[in-house]
Amino acid sequence: MQDLTVSRRQALAGLAVIGATSAGVGLGTRALFSDTEEFSKNNVTAGELDLKVAWRKSVTQVETRVETSSEYPTPTNDVDAPICELADVKPGDHGVIEFIFRIDDNPGYVSLLGAEQADEENGQPEPERGALSESIPVGREGELDELINTTVSYGTIDSDDDVTAATRAYTSSLASLIGLGNVGSGVILDGDGSASVVDILLGNATPNAFEPGTKHGLRVEFEVPRTVGNGVQTDRYEFATGFFGEQARNNETWT
């Protein structure tokens, strides 16, 4: 199996700006984007990498709430990460984050990052207790993130700047996606939009670099299953997503 991860220090550089996962509650939006140049013996060996991002977030709970980055759909530097707060959710509630990103100067590898901001049980009223096993004690963390279905897809950008799903890259619970996005280099993406995250992790596929000067699309979709019932009645979960980029030239770590 090939080594497909950058160092933990490099990946965490993109997460450090939002603080510890439990300390970020109520602090507002924090940046969750990082790009890195490759150095060898203190010399720049292959120029620079500039990762620019734009996003649109849409969450439907009775009504639909839409937020965008400041200059959406234009990818820019220093973009605040989209933060999703899920509370008082019901079966069927859903949302999507559409990302448009561009790399300038040099080809680069890109991965999706994730950070948990809050995970709260808020007690268990009678309807919720009835939906859970009596052998599971009331804890400090809720079950919402573990029960939400999540899909990451490579997207195409249409004439209206909508990011439509093209190829599915990863399917999991929201807890698994955010957990993977907070370890190593995060959720490694393929520049050709064909290799799945799982194949890359298992060494069955090598990630291709994203070409510079071209806008790329990514969709992160999540939904509360109809089968959940009252099991997450009082739970609250908050998370942030972002990107890590590293240039591809003279880089043996990702290949």
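The values are calculated or read from the model by the stated rules, or taken from the named source; none is laboratory data. Keep in mind it's a predicted model, so treat the numbers as computed, not measured. Glycine also receives a Cβ, built like all others from the backbone with ideal geometry; neighbour counts cover every protein chain displayed. Keep in mind that these areas ignore ligands, DNA and RNA; they rest on the heavy atoms of the full protein, side chains included. Shrake-Rupley method; radii C 1.70, N 1.55, O 1.52, S 1.80 Å.
What is the local net charge at T68, summed over the other residues whose Cβ is closer than 13 Å to its Cβ (Lys, Arg +1; Asp, Glu -1)? Provide the component values of the computation, followed by the final result.
Numbers: positive: R56, K57, R65; negative: E67, E71, D80, E98, D161, D162.
Neighbourhood net charge equals -3.
Could you tell me the center-to-center distance, by alpha carbons, between segment 154-172 and segment 180-245 in angstrom?
After rounding, the separation between the Cα centres reads 12 Å.
With Cβ to Cβ distances under 14 Å as the rule, what net charge do the other residues near D190 carry (K, R +1; D, E -1)?
Numbers: positive: R168; negative: D192, D199, E211.
Spelling it out: positives minus negatives among the neighbours equals -2.
Put D145, D158 in order of accessible area, largest first, 1.4 Å probe: what do you get? Walk me through the numbers before you get to the answer.
Details: D145 10, D158 60 Å².
Result, largest first: D158, D145.
Give me the percent of the accessible area of segment 159-255 that comes from carbon and sulfur atoms, probe 1.4 Å, all protein chains in place. Walk me through the numbers before you get to the answer.
Working: 1650 of 3910 Å².
Whole-percent figure for carbon plus sulfur exposure: 42.
Any number yet on Rg/Rh for segment 135-255, C-alpha, Kirkwood? Display every interim value, and only then the final one.
On the way: Rg = 16.9 Å, Rh = 16.4 Å.
Dividing the radius of gyration by the Kirkwood radius yields 1.03.
What percent do you get for the relative contact order of segment 186-255 when only Cα pairs under 8 Å and 6+ apart count? Mind dumping the intermediate values first?
On the way: 36 pairs, mean separation 18.8, N = 70.
After rounding, I find 27 percent.
For a protection proxy built on the mean count of beta-carbon atoms within 10 angstrom, sort 184-190, 94-100 highest first, please.
On the way: 184-190: 24.1, 94-100: 21.3.
Sorting 184-190, 94-100 by mean packing, highest first, produces 184-190, 94-100.
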